[in-house]
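Okay, structure first, notes after.
The values are calculated or read from the model by the stated rules, or taken from the named source; none is laboratory data. Note that this is a predicted model, so its numbers are computed, not measured. FYI the Cβ positions are ideal-geometry reconstructions off the backbone, even for glycines, and counts take in every protein chain you see. For the accessible areas, the whole protein counts, side chains as well, though only heavy atoms, and no ligand, DNA or RNA atoms are used. Shrake-Rupley method; radii C 1.70, N 1.55, O 1.52, S 1.80 Å.
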Amino acid sequence: MAAIVLVHGIAQEFRSARSLEDEWLPRLARGVKAAGYPETADRLWKYRHTRRGIDARMAFYGDVMRRHPSQPDAPDVDDLRHEMADRIGREWLDRAAARSSAPPERQRAAREIARLEGGPDQTGRTVVLSPTCGLSGLKWFAADGPGSAGGFVTKALAQLTRYLTDDTTRARVLDRVAADIGFDTRVVIGHSLGAVVAYEVAHRLRRPLPLLITLGSPLGPDTVIDDWVRPQPAQPPAYVERWINLADRDDLIAAEPVLARLFPSRQSDGGPELRSGFTLEHGAAPHNPDFYLMRREIGRSIGQAFAA
């Protein structure tokens, strides 16, 4: 089994494990080297296909998220997902208004929030808009240029809500990821939706996992996601020894990185060592996994895991 298991996030349904590994691992190795562990960095990338290498694999589930048009949801399920998507979208707008490092984006988000439930229109009816429309106006979501924001927001919300509400999809994704985790696994790294998946897979373990890393995670206190993760109530995985949760202030998908508030009852209960916080550097694409994987905080934790 892999010594490091990587768990990707949303919008990867037309990728492959190999292509994602080729993107993630050199960035991760760069962060490990910057943190002062050049030998471990070489084992991660330069020597990865030799006997000296560290076996790091992407647990790929992107194809599970593909949806054929001939597979419509039941009306009640569709209504639930729309309601959940609106609530999550509103959380993302609130984060943009409260913590974006760019004043124009904060102002734009505040204006969109004010428009969500505007006053009566010319016919006397109250206009209720979707948060998705407001999010589409933020530059942060237009990663592929002008006009791309709406598609990204829609896909992100659709895949997130589908995972949380569709038991079949959830089971297939968890089985895919769990298949790569074994007795030799020292580290599991999950990004975005993959952070939620990694967290839930960790609850399945019946053997120690030295290190769980979640990056840009939507899981956090007082969030919609918190009410839907399993098991309930949310609690640290029993066999995880250390859990590091990292977010950027400009990453609107990432919840507040305060694990101690999410799990207040487990601090003196012999649970895992919890470390969480915001990154000290801002990237141009703060939710992109590349940005997180190169952080020294992450590189240091990987280096320590393999220096032991």
Taking the convex hull of the alpha-carbon atoms of the chain and averaging its shadow over every direction gives an area in square nanometres of 17.4
In terms of the charge dipole of the chain, which places +1 on Lys and Arg and -1 on Asp and Glu at the beta carbon, the residue among Phe141, Ser301, Pro272 farthest towards the positive end is Ser301
Heavy-atom accessible area of Leu80, protein chains in place, probe 1.4 angstrom, given in Å² to nearest 10, is 60
Taking the dipole of the chain about the Cα centre (Lys, Arg +1; Asp, Glu -1; charges at Cβ), the one of Ala255, Ala97, Val177 that reaches farthest to the positive side is Val177
Given a Förster distance of 41 Å, the FRET efficiency implied by the Cβ-Cβ spacing of Arg115 and Arg275, rounded to the nearest 0.05, works out to 0.60
Output ordering of 178-184, 193-199 (per-residue mean of other Cβ within 10 Å, highest first) is 193-199, 178-184
With every protein chain kept in place and a 1.4 Å probe, the chain has an accessible area per residue in Å² of 47
